[in-house]
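Following: one structure in structure tokens, then a few remarks.
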Amino acid sequence: MPANSFRWVSGEGLLSGYESSPGTTRTFCRVCGSTLVSLFTENPQTIGLAMGTLDDDPGVRAEFHVFAGSKAPWFEITDRLPQFDEFPLASKARRDGSSGS
């Protein structure tokens with residue numbers, strides 16, 4: 001999501017993070033361990049938000065599946081959304097991760 005559309009309401013001081021891969025820092029709550037946001041060195045205007053941490057409907061819907069090639073073999077994707085083994089090409093997705101459709 002665009003970083004300028006995100007703000008912490010509380011608890012920002014409880015964040016810890018680690019570099020999970022070059023250029024990507026994953027954050028989590030140091031009290032409960034919940035995954036929170038990912039920060040990207042090469043794309044600081046975008047925040048990766050773990051959707052399972054939200055209390056309310058964010059008002060957006062998935063537009064495609066990413067990393068579908070490494071999903072669990074027992075999980076079947078049953079919708080008709082496009083599937084990508086890696087991040088989609090820039091021609092298929094905006095830098096904020098949306099499809100641009």
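All of the numbers you see were taken from the coordinates with simple rules; none came from a lab. Keep in mind it's a predicted model, so treat the numbers as computed, not measured. Every residue, glycine as well, gets a Cβ built from its backbone with ideal geometry; the counts of neighbours run over all protein chains shown.
Counted residue by residue at 0.36 nm each, then reduced by the alpha carbon distance between them, the extension gain from ASP56 to THR41 reaches 2.6 nm. For the range 1-97, which chymotrypsin sites (Phe, Trp or Tyr not before Pro) pass both filters: DSSP loop (anything but H, G, I, E, B) and at most 15 other C-beta atoms within 10 Å? Qualifying residues, ordered by number: PHE6, TRP8, PHE67, TRP74, PHE75.
A Gaussian network model of the chain, with springs between Cα atoms under 10 Å, assigns the largest mean-square fluctuation among SER38, SER20, SER70 to SER70. Loop-located GluC sites (Glu not before Pro) in the range 1-86 (DSSP state not H, G, I, E or B) with no more than 11 neighbouring Cβ atoms inside 10 Å: GLU42, GLU76, GLU86.
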